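See structure below.
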Amino acid sequence: MRDQGRLTSWDDDKGFGFVTPDKGGLRAFVHIRAFSYRRRRPRNGDVITYQLAWDPKGRLRAENVLFREMPPPHADPRPRGLAAASFLAVAFIAVIITLVVGGRIPWPVLAAYIIMSLMTFTAYAFDKSAAMNRRWRTSEQLLHLLSLLGGWPGALIAQRLFHHKSKKAEFQAVFWFIAALHCAAAIALATGHAGPIDSTWMSKFSGT
């Protein structure tokens, strides 16, 4: 026998929420792994059908979950904000390339941005997978550190692509502060308000 209800309190970062039955009664826990034939991410308010079960601790949960209503044909399946995030990330890297060509910064800086962006993108992907499968999570402090070290373009794309950490106001505030620091530095170099970063400057900075 299948019941029908509405998805509530859905936390997309953690991949779980609750279903409130249409006919009344107790809410049941819903994990993203319980969805069958999932073509999109669950959202609050989704009408679903499911089978009730009990976990080893005696708590009610939903299994074999199906969407009762599929999104309309005109709905855009792409993650929201992905195009804008990709444009901003690519535009920033393009500015860095221009600064390298113009001799304002050495090429290892460009390489560092690309490598760190790839590493940060991968870290977000692993953390999203861990959240969905209840595995060990990557700390928010580490994600911010990777962004600070130059991986923020990769983080920006990953946030929109995976719907990960994109709705947490406190996390986003710190992230955009980091992104603003990098953009401000690039603008200062591009407009001549900061001296070029050469090998001598880097040697002094590193203490060698």
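Take the conditions (1) more than 26 Å from A91 (Cβ to Cβ); (2) touching a residue at least 12 places away in the same chain (Cβ under 8 Å); (3) surrounded by fewer than 19 Cβ atoms within 10 Å (Cβ to Cβ); I114 misses just one of them, which is (1). Do we have K168 as within 26 Å of R80 (Cβ to Cβ), surrounded by fewer than 15 Cβ atoms within 10 Å (Cβ to Cβ), modelled with pLDDT under 90 and out of contact with any strand residue (DSSP E or B) (no Cβ under 9 Å at 6 or more places or on another chain) here? Yes: the conditions hold for K168. I157 meets the conditions (1) more than 12 Å from the chain's Cα centre (by Cα); (2) more than 21 Å from I32 (Cβ to Cβ); (3) not charged (D, E, K, R) in every case but one. The failed one is (1).
Kindly provide the set of residues from segment 98-155 that are within 22 Å of A188 (Cα to Cα) and of a type in the set (S, T, N, Q), ordered by number. Passing the criteria: T98, S117, S147.
The residues of segment 1-37 that are among the aliphatic types (A, V, I, L, M), more than 29 Å from Q159 (Cα to Cα) and touching a residue at least 40 places away in the same chain (Cβ under 8 Å) amount to a single one, M1. Name the residue that is surrounded by the most Cβ atoms within 10 Å (Cβ to Cβ), counting only residues in segment 34-81 that are small (G, A, S) and at pLDDT 80 or above. Looking at residues that are small (G, A, S) and at pLDDT 80 or above, I get A62.
The values are calculated or read from the model by the stated rules, or taken from the named source; none is laboratory data. In this text, all values refer to a predicted model and were calculated from it rather than measured experimentally. So basically every Cβ, Gly included, is an ideal-geometry build from the backbone, and we count neighbours across all protein chains shown.
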